[in-house]
Amino acid sequence: MDEANEPTERERPPALAPADEAMLARAQTLREITDAALLAVGQPYPGDDHGSLLRDALFVQGLAERLIDQAVVAERERGASWTDIGSAVGSSRQSAHERWNTRVGAWVLLGRQRNGIGHGPADPADHVRNLDEWYAELTPDEPHAISTQLSSLHDEAARTEANSRRAEAKQLHARAEELRKEIDAASNDAMGATGTAREEKRAVWAAKHFARAEVYDRLADLEEPLAAEHRRRAATQRGIAQDILRGRSAESLPAEGGTRERVYAAYLDLTDQERSGSKRAVAALLAERLDSPGADSIRKHLDHAIEAYRAKQRAAFVLDIAACSDPDIALSTATSLLQDYAPNTEFWQSLSHRLLSRYLMAAALDGADVGTLYTWVCRPDERRPVELLRSGPVPEWADECEEILSSHRKTSSNVLLVLQAVLRTRVPDVQEGGEQ
């Protein structure tokens, strides 16, 4: 789709209030866990099918770990302190902060809302409706169990205010980055000046730091889950400004380098090859780029940068099924769709990637759209993709596809569940039941 046809922010369905967005993301994961558990509990395991019980447990564990992260985000959005969260897990405030602050930071950086593919987040009203209908099938007496928990769903004023605050926060983050560049320029000007001009330049330099402090003060009001971090940044900026006005040398001023935003910005500037290195190597490279005294100060922010970058990549992804007639494109497209989604076990990642790439090529060969692709992954006995692949450019893919679909019923069903969830969550306009 060309840029002229891309929807603007105003055309997108407005997100819910941040706390409701967090609860909605949590509800989706609970649904996936429930579907996987219901599928597992009713299926027999042959005595000679060794390892399948463990694989299924790991599949659910991956979903449960995502749920825990989402629960922490939701708790922070609901006003829980790090002391409260630490107490809930039997740890200290500091341990809880170190464990989950990266996740909370990524959530805030991405606008405190569920993030979709291509055209932005899916309409929350449609998402909630699907979850309500699913829950009502399990518990008929509660037809609106999910929607009744989300106060902003039917409160247009609350949603408008929440999105206004998101927009202001986004502008402030951009302004903070502009000020960082202005500070660098002002610093250079001050260092090169002499006499009376030097003092004037230092005053301008200090004013930039004071302005950045005001930005962080406002962000502390707008982004409550990171309020403490923003206030610390504001205090740092004011301290630097006061030191400049007192005449301290640039070399003796507190360093700003290594902050989360600067690490993320530097990470974006890396090439794909540089980003593919080990975390230790990437941290060392970023330390060099940022003139940081060492990689240790970078490494604590690297997980946050990686997660935010991957989320940004997912949000920019556009599914081009027709191009997947090329096996290399089918493989790379499957990798992009499954990035950070499949449970973190090599077995499930491999099967999910193999089957999705084969299905993508079959859809391309058939001239099918994403609705047809979704229909295929919802039907365990569907063999149309296998037939198409046999006459395609890589005939052996048909046999590999058949092998996965004909494996133990529990294994094939779990793989298809992953693909269903990926397409529902990450591709625009995919609806329940395989229709667009």
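Values quoted throughout were computed directly from the atomic coordinates according to the rules given, and no laboratory measurement underlies them. Given the structure is predicted, the values throughout are model-derived calculations rather than measurements. As a convention, Cβ positions derive from the backbone with ideal geometry for all residues, glycine included, and neighbour counts pool all protein chains shown.
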With a ≥ b ≥ c taken as the square roots of the eigenvalues of the C-alpha gyration tensor of the stretch 322-434, please select rounded if a/c is under 1.5 and otherwise prolate if a/b is larger than b/c or oblate if it is not? rounded
Taking the Cβ of each residue in His173, His230 as the centre, tally the other Cβ atoms inside 10 Å and list the residues starting with the fewest. His173, His230
Of the listed pairs Lys201/Lys279; Lys170/Lys300; Lys181/Lys279, which have alpha-carbon separations greater than 32 Å here? Lys201/Lys279
Treat the count of other C-beta atoms within 10 Å as a stand-in for reagent exposure and order Arg76, Arg198, Arg114 from fewest to most. Arg198, Arg114, Arg76
Taking amide H atoms as placed 1.01 Å from N in the peptide plane, list the residues 5 or more away in sequence, or in a different chain, whose amide H sits under 5 Å from that of Ala17. Ser152
Three-way shape label, the stretch 3-154, alpha-carbon gyration tensor, a/c 1.5: oblate
For the stretch 31-45, 3J(HN,Hα) per residue [Karplus equation, 6.51 cos²θ - 1.76 cosθ + 1.60, θ = phi - 60°, Hz, x = Gly/Pro]: 4, 5, 5, 4, 4, 5, 5, 4, 5, 6, 5, x, 10, x, 10
Counted neighbours (other Cβ, 10 Å), sorted fewest up, put Arg383, Arg166, Arg112 in the order Arg383, Arg166, Arg112
Per residue of the stretch 374-384, what does 6.51 cos²θ - 1.76 cosθ + 1.60 with θ = phi - 60° give for ³J(HN,Hα)? Whole Hz please, x for Gly and Pro, Karplus curve as stated. 5, 4, 4, 6, 8, 10, x, 8, 5, 10, 4
A chain fully extended from Gln149 to Ala197 at 0.36 nm per residue, minus the present Cα-Cα distance, gains in nm 11.2 nm
Quick check for me: using +1 on Lys/Arg Cβ and -1 on Asp/Glu Cβ, what's the dipole size of the stretch 322-434 about its Cα centre, in debye to the nearest 20? 300
